[in-house]
Amino acid sequence: MIEQHGDTSDIISVMQKLIAIRNGKGSVDDIDHLGNRRIRSVGEMAENQFRVGLVRVERAVKERLGVAESEGLMPQDLVNAKPVAAAMKEFFGSSQLSQFMDQNNPLSEITHKRRVSALGPGGLTRERAGFEVRDVHPTHYGRVCPIETPEGPNIGLINSLACYARTNDYGFIETPYRKVIDGRVTSEIEYLSAINESQFVIAQASASIDEKGNFKDDLVAVRHLNEFTSKNPTDIDYMDVSAQQVVSVAASLIPFLEHDDANRALMGSNMQRQAVPTLRAETPLVGTGIERKVASDSGVCKVALRGGYVESVDAGRIVVRVDHNETQAGEAGVDIYKLTKYTRSNQNTCIDQKPIVRQGDVVAKGDVLADGPSVDLGELALGQNMRIAFMPWNGYNFEDSFLISERVVQEDRFTTIHIQELSCVARDTKLGSEEITADIPNVGEAALGRLDESGIVHIGAEVSAGDILVGKVTPKGETQLTPEEKLLRAIFGEKASDVKDTSLRVPSSIKGTVIDVQVFTRDGLEKDQRSIDIESAALDQFKKDLNDEYRIVENATLARLSDLIKNKKVMKAKGFKKGDKFDPKKCAEFSVEDWMAIRMENPEINEQISEMSGQLSYKRPLSTLVSRLREKLQSGDDLSPGC
């Protein structure tokens, strides 16, 4: 073995190295150093699962090719995609790291997306992880937040990325620094991983510099070889970009964080994620400056994709006419933003977007057009600005108790909206099929007042605990009848006694308004009137939205065309002679076809007119979209067996 792969000198070198380390010369690799730990991205893990699926497909193809009757087979006869789909479904459906997104508020959403875990397949288990793995390491500086981590068994195993951290192509976490040349701080930014960083001398963001970027002090607090020390400005290689780069997004939202105890800061950053959106969001009076960035990056707000001016605004849609310099030739140059209204989040809170721009406002790319939940004027607003007093009040606020005034309740300062989704399923039983109906035995007229003829509650009905939402009757088995029941059966027939009331009712302690109803019917079964009404309403709304969008695009295109050819020489146009200067005032009666038939003496303008015409003709086939939606609505739903 030694003759084949090396000689005795290799073994001697290894022994010498080990003895030197034993004698205190040299250093051992630190397993908790971030240079020895890398991030496995979602894409990488999905790729591995995909590969597992492909191996299964490969095996199946080889088996099929090995069979005697394999001649004349086409590729589609050999390849079955189900193993790949099953592997991906298993990964996203049942993996320990595939989690239901936390949608309590925008902060909890963005924090969940920036989470880094040492658990999961190929990682640690919380029972076997020791103190060293969980502890804060010097290489966490600017990469992993030392504050934000769960309390309990997962402490230190689940972390958050720091504000400016990113992963490089190899999965190592990098953090940005400003380059320092000859004691002068430049605006050049460089990202360094933990492996590269230790050899450099890095100054803190709080170091004082003059207007030219030179360090004011003779000795500057720096980090070098993972230790804190002081160095001469000429020895410094880099400087931190911001004091916030050490902590995560949630921790950087705490004002005066540097004055807080680390344990309480940990609790504060975790508890911010539990804040439920209030009825009216209110921007905090004291902030840290990162609130606007969190709100726009979380994805709950509508953000302008391109600059321009706001043409129209209503509760459900914002239309922005895009600036000329941000549009492509022949494009309509209009952006339509649809707003989300009263939608349920994963935590049953309410997602509702409210426009904050007005008609005629000028917006730039990246500006917030509509606030989401817990957002006020484009800034994160998790709570309310309350006037508080530190004072005793007859012992009622002893220790951690506190009193609130009646006004807090009267003004709905902390009132929240929750959207509950309740479902009712009519199944086939051994005794017969359950039925959705408004004809329910032993229920008075008052209880049925909110139901339609199909037995389903109206949208907009105000309901409270115990009210019927969906009337349902279930067949019940034959039992010994009492004389009274026999009399009722003799008078009213069998219907009254052979079914029992299993209606869907409002759960206790819930009071609210019905905002939507959906009915799902298995393919092949006849739909009731309510289902047909819901389908036709959805189709009408879709047609209206499409027509509105087309009209907006059409008007914007014609306005852009009018500006483009104004006072330029005409070659061919209705009501104009060749060589005339184009005057938009003469075109009040022009149809879209008349506008698109205009030809100018400038060939470049004619090319743009042709592109505009192509854009409008592409938008026109509304009938195909409507028929596709109608087909989708009228086809049955894929329900679980027995429904």
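Coordinate-derived values only; no laboratory data. None of the values given here were measured: they were computed from a predicted structure. Using ideal geometry, Cβ is built from the backbone for each residue, glycine included, and neighbour counts are taken over all protein chains shown.
Counting pairs of alpha carbon atoms under 8 Å apart in space and at least six apart in sequence, what relative contact order in percent does the range 532-633 give?
Here the relative contact order equals 29 percent.
At what distance in nm do the modelled label points of residue 212 and residue 259 sit from each other, each positioned 7 Å from its Cα along Cα→Cβ?
3.7
Putting +1 on Lys and Arg Cβ atoms and -1 on Asp and Glu Cβ atoms, find which of 612, 200, 298 reaches farthest to the positive end of the dipole of the chain.
612
Relative contact order (percent) for the chain, with alpha-carbon contacts under 8 angstrom and 6 or more residues of separation?
Here the relative contact order equals 9 percent.
Please state the relative contact order of the range 119-242 as a whole percent: Cα pairs under 8 Å, 6+ residues apart?
Relative contact order of the range 119-242: 20 percent.
Ordered by packing density, taken as the mean number of other Cβ atoms within 10 Å over each peptide's residues, highest first, how do 458-464, 366-372, 268-274, 447-453 rank?
Ranked by mean Cβ neighbours within 10 Å, highest first: 366-372, 268-274, 447-453, 458-464.
Which of these values of volume of the Cα convex hull per residue in Å³ was calculated from the structure shown: (i) 205; (ii) 387; (iii) 232?
(ii)
Taking the Cα centre of each part, how many Å lie between the range 367-401 and the range 257-292?
Between the Cα centre of the range 367-401 and that of the range 257-292, the gap is 10 Å.
At 7 Å along Cα-to-Cβ for each site, give me the label-to-label distance between residue 433 and residue 462 in nm.
3.8
Check each of the GluC sites (Glu not before Pro) in the range 71-110 and keep only those in coil by DSSP with at most 10 other C-beta atoms within 10 angstrom; list them in order. Spell out each step's value before the answer.
Numbers: sites: 71, 90, 109; in loops: 71.
Here the GluC sites (Glu not before Pro) that fit, given the DSSP loop and packing criteria, are 71.
Using a 10 Å cut-off on Cβ atoms, rank the peptides 577-583, 116-122 from the highest mean neighbour count down. Present the calculation step by step, with values, prior to reporting the outcome.
Details: 577-583: 11.9, 116-122: 14.0.
Going from most to least packed, we get 116-122, 577-583.
Grab the DSSP H runs of the chain that are 4 residues or longer, score each as -39,500 (n - 2.57), total them, divide by all residues and round the 222 nm result to the nearest 500 deg cm²/dmol.
Calculated mean residue ellipticity at 222 nm is -9000 deg cm²/dmol.
By count of other Cβ within 10 Å, fewest leading, how are 241, 409, 363 ordered?
Listing 241, 409, 363 from fewest to most nearby Cβ atoms yields 409, 241, 363.
Mind giving me the FRET efficiency for residue 632 and residue 225? R0 is 56 Å, r the Cβ-Cβ distance, nearest 0.05 is fine.
Working from the Cβ atoms, E equals 0.30.
What does a probe at residue 59 reach in the range 83-126, counting residues whose amide N is under 19 Å from the point 7 Å along Cα→Cβ?
83-91
How many angstrom lie between the Cα centre of the range 188-244 and the Cα centre of the range 78-118?
After rounding, the separation between the Cα centres reads 39 Å.
Among 146-153, 52-59, how do they line up from the highest to the lowest mean number of other beta-carbon atoms within 10 Å?
Order by mean packing, descending: 146-153, 52-59.
Given +1 on the Cβ of Lys and Arg, -1 on the Cβ of Asp and Glu, and no further charges, what dipole in debye does the range 240-313 carry about its Cα centre, rounded to the nearest 20? Don't skip to the end; give the middle numbers.
Numbers: 7 positive and 8 negative charges, 67 e Å.
Its charge dipole is roughly 320 debye.
For 137, 418, what's the fewest-to-most ordering of other Cβ within 10 Å of each Cβ? Show your work: numbers first, answer last.
Numbers: 137 18, 418 14.
Lowest count first: 418, 137.
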